[in-house]
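The values are calculated or read from the model by the stated rules, or taken from the named source; none is laboratory data. For clarity, every value in this text was computed on a predicted model and none was experimentally measured. Here the Cβ positions follow ideal geometry from the backbone for every residue, glycine too, while neighbour counts run over all protein chains shown. Just the protein is used for accessible areas: all its heavy atoms, side chains included, with ligands, DNA and RNA removed. Shrake-Rupley method; radii C 1.70, N 1.55, O 1.52, S 1.80 Å.
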Amino acid sequence: QVQLVGSGGGLVQTGGSLRLSCAASGRTFSRDVMGWFRQAPGKEREFVAAISWSRDRAYYTDSVKGRFTISRDNAENTVYLQMNSLKPDDTAVYYCAAGQPTRWDYAYEYNYWGQGTQVTVSS
């Protein structure tokens, strides 16, 4: 059974940091793009970041560039999202995803999804 299990969310003050993890199991994801999406209350799910299977390319939505860093450990089938300088606008449920999308931000082209982890940034 293929599973993505996200963790690391929590409550943090503005300017703080969190590191999200997503452990994949059930098959190897070493050839898949791994990504993070988020969904705030009342809003649609939006793309945050993604990384290629070879780790030589990463892509970020403009609002997190310079603050968030995505990385992955293929040996451990795990993807990470280091989030620094957090803002209240970053408050959302964060989802990890895996697949072979034709575009990094095409959520519908990711085949596997984690259950989501809540990130809350207080002002």
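Please indicate, with yes or no, whether at least one residue in region 24-39 is closer than 21 Å to Arg103 by Cβ, touching a strand residue (DSSP E or B) at 6+ places or on another chain (Cβ under 8 Å), surrounded by fewer than 16 Cβ atoms within 10 Å (Cβ to Cβ) and modelled with pLDDT of 95 or more. Scanning region 24-39 turns up at least one residue that is closer than 21 Å to Arg103 by Cβ, touching a strand residue (DSSP E or B) at 6+ places or on another chain (Cβ under 8 Å), surrounded by fewer than 16 Cβ atoms within 10 Å (Cβ to Cβ) and modelled with pLDDT of 95 or more.
Look at region 40-57: where a residue is surrounded by fewer than 16 Cβ atoms within 10 Å (Cβ to Cβ) and a partner is among the β-branched types (Val, Ile, Thr) and part of a loop (DSSP other than H, G, I, E, B), sitting 6+ places away or on another chain with Cβ atoms under 9 Å, you get Ala40/Thr91; Pro41/Thr91; Glu46/Thr61.
Evaluate the following for Pro88: is it out of contact with any Ser or Thr (no Cβ under 6 Å at 6 or more places or on another chain), open to solvent by less than 70 Å² (accessible area, probe 1.4 Å) and more than 13 Å from Phe37 (Cα to Cα)? So Pro88 does not fit the description; no.
Quick check on my filter: what residues within region 88-109 are assigned to a strand (DSSP E or B) and either touching a helix residue (DSSP H, G or I) at 6+ places or on another chain (Cβ under 9 Å) or hydroxyl-bearing (Ser, Thr, Tyr) (or both)? Residues satisfying the conditions are Tyr94, Tyr95, Ala97, Gly99. Only a single item in (1) over 19 Å from Leu11 (Cα atoms); (2) open to solvent by less than 60 Å² (accessible area, probe 1.4 Å) is not met by Val121, and it is number (1).
All conditions but one from (1) within 29 Å of Ser123 (Cβ to Cβ); (2) more than 12 Å from the chain's Cα centre (by Cα); (3) modelled with pLDDT of 95 or more apply to Ile70; the one that does not is (2). For region 1-13, which positions are surrounded by 13 or more Cβ atoms within 10 Å (Cβ to Cβ) and outside any strand (DSSP E or B)? Residues satisfying the conditions are Gly8, Gly9.
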